[in-house]
Amino acid sequence: MAVFPTLKSGAVAQYPAERSRRFATVVCEFVGGGEQRFPQFKRALKRWEIRLELLDEEELFHLETFLVEQAGATGSFSFADPWDDTVYLDCSFEGDQMGLEFAGNGNGKASVIVRENL
């Protein structure tokens with residue numbers, strides 16, 4: 001199983017980072033006007049918005065290579081929650097792209113959204 005890369009400091013995220021939970025409800029509407037609702041997920045799923053700054057070229061390269069190896073949002077990897085170090089074994093990128101910017105040595109930026117899968 002692939003593991004989300006850490007920075008040279010050992011961290012997976014920097015502040016400000018955001019963590020949220022995803023819920024999904026399926027609504028079945030009947031001809032008579034009634035509805036039936038039920039959860040699509042067994043529990044709330046986590047979602048992390050990771051923003052990284054002051055990265056060197058090597059750290060940016062590792063992040064970009066990891067995204068390519070995972071084939072964007074289709075891959076699956078483990079991710080350690082930066083708030084409590086809980087390891088979530090089935091996560092993926094929310095999109096097929098990662099925001100990467102390199103403005104000189106030690107001045108790179110990256111942003112990506114990681115989500116927990118079912």
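Tell me yes or no: at least one residue of region 43-56 is free of Cβ contacts under 8 Å to residues at least 12 places away in the same chain, more than 14 Å from CYS91 (Cβ to Cβ) and either in contact with a helix residue (DSSP H, G or I) (Cβ under 8 Å, 6 or more places away or on another chain) or of a type in the set (Lys, Arg) (or both). Checked against the condition, which is being free of Cβ contacts under 8 Å to residues at least 12 places away in the same chain, more than 14 Å from CYS91 (Cβ to Cβ) and either in contact with a helix residue (DSSP H, G or I) (Cβ under 8 Å, 6 or more places away or on another chain) or of a type in the set (Lys, Arg) (or both), region 43-56 yields at least one hit.
Restricted to strands (runs of 3 or more DSSP E) entirely inside region 1-45, those with at least 1 residues that are surrounded by 10 or more Cβ atoms within 10 Å (Cβ to Cβ) and of a type in the set (Lys, Arg) are 18-22.
Within region 79-99, does at least one residue satisfy the condition of being in contact with a Leu (Cβ under 7 Å, 6 or more places away or on another chain) and in contact (Cβ under 8 Å) with a residue 40 or more places away in the chain?
So far as region 79-99 goes, no, none of its residues is in contact with a Leu (Cβ under 7 Å, 6 or more places away or on another chain) and in contact (Cβ under 8 Å) with a residue 40 or more places away in the chain.
Note on region 68-94: residues that are open to solvent by less than 30 Å² (accessible area, probe 1.4 Å) and either modelled with pLDDT under 90 or among the acidic types (Asp, Glu) (or both) total 5. Against the list (1) over 22 Å from PHE102 (Cα atoms); (2) modelled with pLDDT of 85 or more; (3) surrounded by 11 or more Cβ atoms within 10 Å (Cβ to Cβ), the condition GLU49 fails is (1).
The values are calculated or read from the model by the stated rules, or taken from the named source; none is laboratory data. It should be emphasised that the depicted structure is a prediction, and the values quoted were computed from it without experimental measurement. Methodologically, a virtual Cβ is constructed for each residue, glycine included, from the backbone with ideal geometry; neighbour enumeration extends over all protein chains shown. Please note that ligands, DNA and RNA were not included when accessible areas were found on the heavy atoms of the full protein model with its side chains. Shrake-Rupley method; radii C 1.70, N 1.55, O 1.52, S 1.80 Å.
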